[in-house]
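Quick notes on the structure that follows.
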């Protein structure tokens, strides 16, 4: 009896604690707006989003994409269907992790969880749609997920072209589609399609579930539509019907029967689209209409999962680690001729990754960089060194004129070294922005002269001079599918004291500047890196050819000696 009473009390205690925990959880997900939320917002958010949440803060003028106007209720990253508001958790997650590739940082380390929830509550006050009593937003279902596989990726690859993704995101997803330079958002500001090869910049996450949600829910306020209704090719048809309609549409002439058949397909699509629009407007659907909608969305979901798997295949699992420590750029020694720009030898090892950021120290500054990084490989032989520099750029810009300033814009890259290599890791280096008291040696490449590199010496970002004597530096630049490749070859040693002199085993500082002409980059408005290092891997010793046969001879001699000892013992 005593045991039963104790068990009963424990059950009651558990129910009370559970109720309290539920209340705490509910309070976190739907807190009341408070002065604390307003205080946090004005301290951390108003500079960009404005005191009234209209996206017109003091910093907004310099930002692209522009800060979100909360009063419109258009949120890019959501777990909810098209036309729906985000959940509280959606808002909390974006505040926590930020929007990679934009000026919106993550606040996980700067604000406590409670402050972030207070912020969610206060942001919701800017839009009437969040008022109490409103129906909860419809969330995107992940039921029926199609697992990642080579077969699914291949299907998704076909859909990537069929559904028109290629027009904005380009042939292989680098954001270089024909429509990319003309895209604008809901407010008329220029916006760029995502570079699908850089998953670390995906807003809202890079797993297949997150990608799938971007397809089904769309990205509100941007040119990225939701895969629903008239935004989805042949919405309302089965896969077989869609294929048949495509066949009919590609015919020069149709028979009367074929014309009637295609008309029936269009009627079926119109019916499904109208039902989808009614659903968005909140009109209650009949059971028959709901079935038509569910059947149409089943096809959309299946195709979206295949497409999500294909997009996932375009990007590495994680951002490559920066070229420091074990990942430092190591030039590989080869005998004979160095590989040219398209030589298969470059594919034998991974490039080293050098992140780039906007230059914000000296006017004009770049607050909205579009070039994320440059990747580098290198070979050298007894007399020369060759580098292959690779970076993504959505547009191939040559000699374009800025309409506001009249300045000529074009894509470019500068590779920077110290004139004199520091002797030891603690020795001073030149200032990373083109040197200062200590000069730097530069290779300057411009897209308008793709097979030429100019040597410069600089003692400051506004104090660079072309060297009077140009060395024998060979170059070859190419641009394909949103990506530049620049091959540069030079002698290890030169007669010019202003040049960098190279020898194996010595770590040499290296840094980069890059310009995206279509982004308005010119002069000091650019992306830059800090100093990194590269080294010519020491040449393998010729002794490696001596030791193996010597060891083999010693082994044979030892075996012969052992055999003799055994024979003498036996005799």
*Within 10 Å of each residue's Cβ, count the other Cβ atoms and sort 434, 41 from fewest upward.*
41, 434
*Could you tell me which label, among (1) -0.46, -1.24; (2) -0.37, -1.35; (3) -0.32, -1.20, carries the value of log10 I(q)/I(0) by the Debye sum over Cα atoms at q = 0.06, 0.12 Å⁻¹ calculated for this structure?*
(1)
*How much FRET efficiency would the formula 1/(1 + (r/R0)^6) give for residue 112 and residue 321, where r is the Cβ-Cβ distance and R0 is 35 Å, rounded to 0.05?*
0.70
*Can you work out the FRET efficiency for the pair residue 558 and residue 343, with r the C-beta to C-beta distance and R0 = 41 Å, to the nearest 0.05?*
0.35
*For the chain, give the share of DSSP beta bridges that are antiparallel, in percent and rounded to the nearest 5; count only bridges with both residues there.*
90 percent
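Return the calculated 222 nm mean residue ellipticity for the chain, to the nearest 500 deg cm²/dmol, obtained by summing -39500 (n - 2.57) across DSSP H runs with n ≥ 4 and dividing by the residue count.
Working: 12 runs with 179 residues, N = 571.
Calculated mean residue ellipticity at 222 nm is -10000 deg cm²/dmol.
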*For segment 116-217, what are the per-bin percents of Cα-Cα distances with bins 5 Å wide, up to the bin holding the maximum?*
2, 9, 13, 18, 19, 14, 11, 9, 4, 0
*Over the Cα atoms of segment 31-130, what Rg and Dmax result, in angstrom?*
12.5, 33
_Spin-label pair residue 438/residue 402, simplified geometry with 7 Å Cα→Cβ offset, distance in nm_ = 3.2 nm
*Taking the chain as the reference, fit the longest principal axis to its C-alpha atoms, fit the long axis of helix 35-44 to the helix C-alpha atoms, and give the angle between the two in degrees, 0 to 90, nearest 10.*
30 degrees
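Just check segment 231-318 against the gyration tensor rule for me: Cα atoms, a ≥ b ≥ c as the square roots of the eigenvalues, rounded for a/c under 1.5, and otherwise prolate or oblate depending on whether a/b exceeds b/c.
Details: a/c = 2.91, a/b = 1.18, b/c = 2.46.
Taking the square roots of the gyration eigenvalues as a ≥ b ≥ c, segment 231-318 is oblate.
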*Degrees between helix 113-124 axis and first principal axis of the chain (Cα, 0 to 90, nearest 10)*: 50 degrees
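In whole Å and largest first, what semi-axes does the C-alpha gyration tensor of segment 256-370 yield when each eigenvalue is scaled by 5 and square-rooted?
Numbers: eigenvalues 585, 115, 49 Å².
Value: 54, 24, 16 Å, ordered largest first.
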*Roughly what percent of Cα-Cα pairs across segment 325-540 reach past 26 Å?*
31 percent
_Cα-Cα P(r), segment 296-427, percent of pairs per 10 Å interval_ = 9, 25, 30, 22, 11, 3, 1
_For q values of 0.08, 0.11, 0.15 Å⁻¹, compute log₁₀ I(q)/I(0) with the Debye formula on a Cα-only model of segment 150-313, without solvent._
-0.27, -0.52, -0.92
*From a point 7 Å beyond the Cα of residue 259 in the direction of its Cβ, which residues of segment 235-253 have a backbone N at a distance under 15 Å?*
249, 251-253
*asked:* If I fit a long axis through the Cα atoms of helix 239-249 and take the longest principal axis of the Cα atoms of the chain, what angle between them do I get, 0 to 90°, rounded to 10?
replied: 80 degrees
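Which length gain, in nm to one decimal place, applies between residue 47 and residue 132 when the Cα-Cα distance is subtracted from 0.36 nm times their residue separation? Can you show the working numbers first?
Working: separation 85, 0.36 × 85 = 30.60 nm, distance 2.82 nm.
This chain segment gains 27.8 nm when fully extended.
Between residue 350 and residue 478, what is 0.36 nm times their sequence separation minus the Cα-Cα distance? Round to one decimal in nm.
On the way: separation 128, 0.36 × 128 = 46.08 nm, distance 1.95 nm.
Length gained, residue 350 through residue 478: 44.1 nm.
Just so you know, all these numbers are worked out from the coordinates, no wet-lab data involved. Computed from a predicted model, the values in this text were never measured in an experiment. Note that each Cβ is placed from the backbone with ideal geometry, even for glycine, and that neighbours are counted across all protein chains shown.
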